[in-house]
Amino acid sequence: QVQLVESGGGLVQAGGSLTLSCVASGTIFSIYVMAWYRQAPGKQRELVASISSGGTGNYADSVRGRFTISRDNAKKTVYLQMNSLKPKDTAVYYCNALINFQSYWGQGTQVTVSS
């Protein structure tokens, strides 16, 4: 059984930084795209950033230039470095990955940015 476990969320002041991590475990033959989504209260879940197996990243306009997605294939881990955080970045952040041709989600980690 495949699992994704996120870590690194927390409370930070505006302008601060956080790094999220997501580790995949279980019977894994291949990991394709890995991504971070977020969902703020009362809003739909939205894509924040994604990264291909080759390391090409894509970003939502709202985070481009502030967030950086990366991955370590040997560790089966994807990261999200978040800089210059704003109160509007407050949300539950979810890891998503296409593993063995199936899509998996993590349980989410809360990021709260205070003004």
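Per residue, the convex hull spanned by the Cα atoms of segment 17-66 measures out at 117 cubic angstrom. Extension gain, T56-Q81: 0.36 nm per intervening residue step, less the Cα-Cα distance, totals 7.5 nm.
With all pairs of different C-alpha atoms in the average, the Kirkwood value for the hydrodynamic radius of segment 1-104 is 13.9 Å.
Available extension along the chain between S30 and A74 is 14.7 nm, counting 0.36 nm per residue and deducting the alpha carbon span. Charged side chains reduced to their Cβ positions (Lys and Arg at +1, Asp and Glu at -1) give segment 26-112 a dipole of some 140 debye around its Cα centre. Length gained on full extension, Q102 to Q39, computed as 0.36 nm times the residue gap minus the Cα-Cα distance: 20.5 nm.
The numbers here are math on the coordinates, done by the rules we state, and not lab data. Remember, it's a predicted structure, so these values are computed and weren't measured experimentally. Here the Cβ is made from the backbone with ideal geometry for all residues, glycine too, and neighbour counts use every protein chain on show.
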